[in-house]
Every structure is written in structure tokens, then in C-alpha cells.
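**Q** I have a structure here, written as C-alpha cells, and I will follow up with some questions on it.
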Amino acid sequence: MQACACWQREARNVVVLIATLTAFSLLFAGMSGLSLAMDRHYEQLTEQREVPARRRLQLRSLGWILLLLSLTACLQGWGVAVGLTLWCGLLTLAALGVACSLSYIPKLTVALTIVAMPLGLLGLGLQWICG
């Protein structure tokens, strides 16, 4: 009986870890999308002065969708009280990471975003399955 309780506790810890890493990955990708919708950061990567209107809308929409998905990951993994607090902390950490990486190594930010978004979506799927 005690072995079963220990296994359930460990399984819960894994789900919580997946929720946290998923939320951070989605937050990083979302903040990257929102920042790349700005002319200044878009110019750093493409040498174009302005973001085309359609691309700006796509980047902003994707950024906000990813932020909301990360919120659902935190809420599902941690509950409302801790989930909202954790989400705010991770949002701050992701924004700082994007700001620093865009300032010093902008091409790496895009590469990290390309890796973070599918990993975050995969983690969200795993979280829903493990539930």
C-alpha cells in the first residue's frame, strides 16, 4: 500500500515538472513572438525597417495564444492559487530571457523559439494525457 502511495507522489511530481517546463517554453516562445512583432526587433533579424502588417498580426496572435496556453499549463499542473503565482514569475523570467537574448544574440533567440514552441506544445499534450 505504501509503495503505491510513493509511486503516486512521484507521478504527481513528474506532472508538476512537465507543467512548469511546458509553461516556461510556451512563455519564451510567446514573448519572442510578441517582441518580434515590434519594428525594432524585427529589423535586427531581417534588415527590414517595418514589420509587414500581416506578419505583425500573425506574430502578435501567435504570441498571445502561446501566453494563454502557458497559463492553462500552470493552472492545470498547480491549481489556481499557485498556478497564477508561478505563471507571473515564469512570465517575468521568460521576458527577461527574451530581452537579454534579443539584445546580445538575436539570431539565437529565434533558434531557441523554434525549439521552445514545439517542445512546449508537446509538453502541453503530455500534461493533458497524464492529467
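Laboratory data are not the source of any read-out in this text; all were calculated from the coordinates shown. What you see is a predicted model, and the numbers here were worked out from it, not measured in a lab. Every residue, glycine as well, gets a Cβ built from its backbone with ideal geometry; the counts of neighbours run over all protein chains shown.
**Q** Quote the relative contact order of the chain in percent (integer), defining contacts as alpha-carbon pairs under 8 Å separated by 6+ residues. Spell out each step's value before the answer.
**A** Details: 146 pairs, mean separation 50.8, N = 131.
In percent, rounded to a whole number, it is 39.
**Q** Further question: Ranking request for peptides 30-41, 45-56: highest mean number of other beta-carbon atoms within 10 Å first, then the rest in descending order. Working shown, then result.
**A** On the way: 30-41: 20.7, 45-56: 11.5.
By packing density, highest mean first, the sequence is 30-41, 45-56.
**Q** So how do 98-109, 64-75, 116-127 stack up, highest first, on mean other-Cβ count within 10 Å? Could the numbers behind the result be given before it?
**A** Values: 98-109: 15.4, 64-75: 20.1, 116-127: 17.6.
My ranking of the peptides, most packed first, is 64-75, 116-127, 98-109.
**Q** Next question, about the same structure. Using 7 Å Cα-to-Cβ label points, what is the C130/A99 separation (nm, one decimal)?
**A** In this crude spin-label approximation the distance works out to 3.2 nm.
**Q** Plugging the Kirkwood radius over Cα pairs into Stokes-Einstein for the stretch 13-130, at a temperature of 25 °C and a viscosity of 0.890 mPa s, what D comes out in µm²/s?
**A** On the way: Rh = 14.3 Å.
The diffusion coefficient I find is 172 µm²/s.
**Q** Report, in whole Å, the centroid distance computed from the Cα atoms of the stretch 89-128 and the stretch 10-58.
**A** One Cα centre to the other: 6 Å.
**Q** Follow-up question, since we're still on this one. Given only helices, namely DSSP H runs of n ≥ 4 each adding -39500 (n - 2.57), what is the per-residue ellipticity at 222 nm of the chain, to the nearest 500 deg cm²/dmol?
**A** Values: 5 runs with 119 residues, N = 131.
The per-residue figure over the chain is -32000 deg cm²/dmol.
**Q** Another one. Note the full-extension length gain between T46 and T85 as 0.36 nm times their separation in residues minus their Cα-Cα distance, in nm to one decimal. Write down the numbers at each step before the final one.
**A** Working: separation 39, 0.36 × 39 = 14.04 nm, distance 3.60 nm.
Roughly 10.4 nm would be gained on extension.
**Q** Place a +1 charge on the Cβ of each Lys and Arg in the stretch 13-130 and a -1 charge on the Cβ of each Asp and Glu, then give the dipole magnitude about the Cα centre in debye, rounded to the nearest 20.
**A** 180
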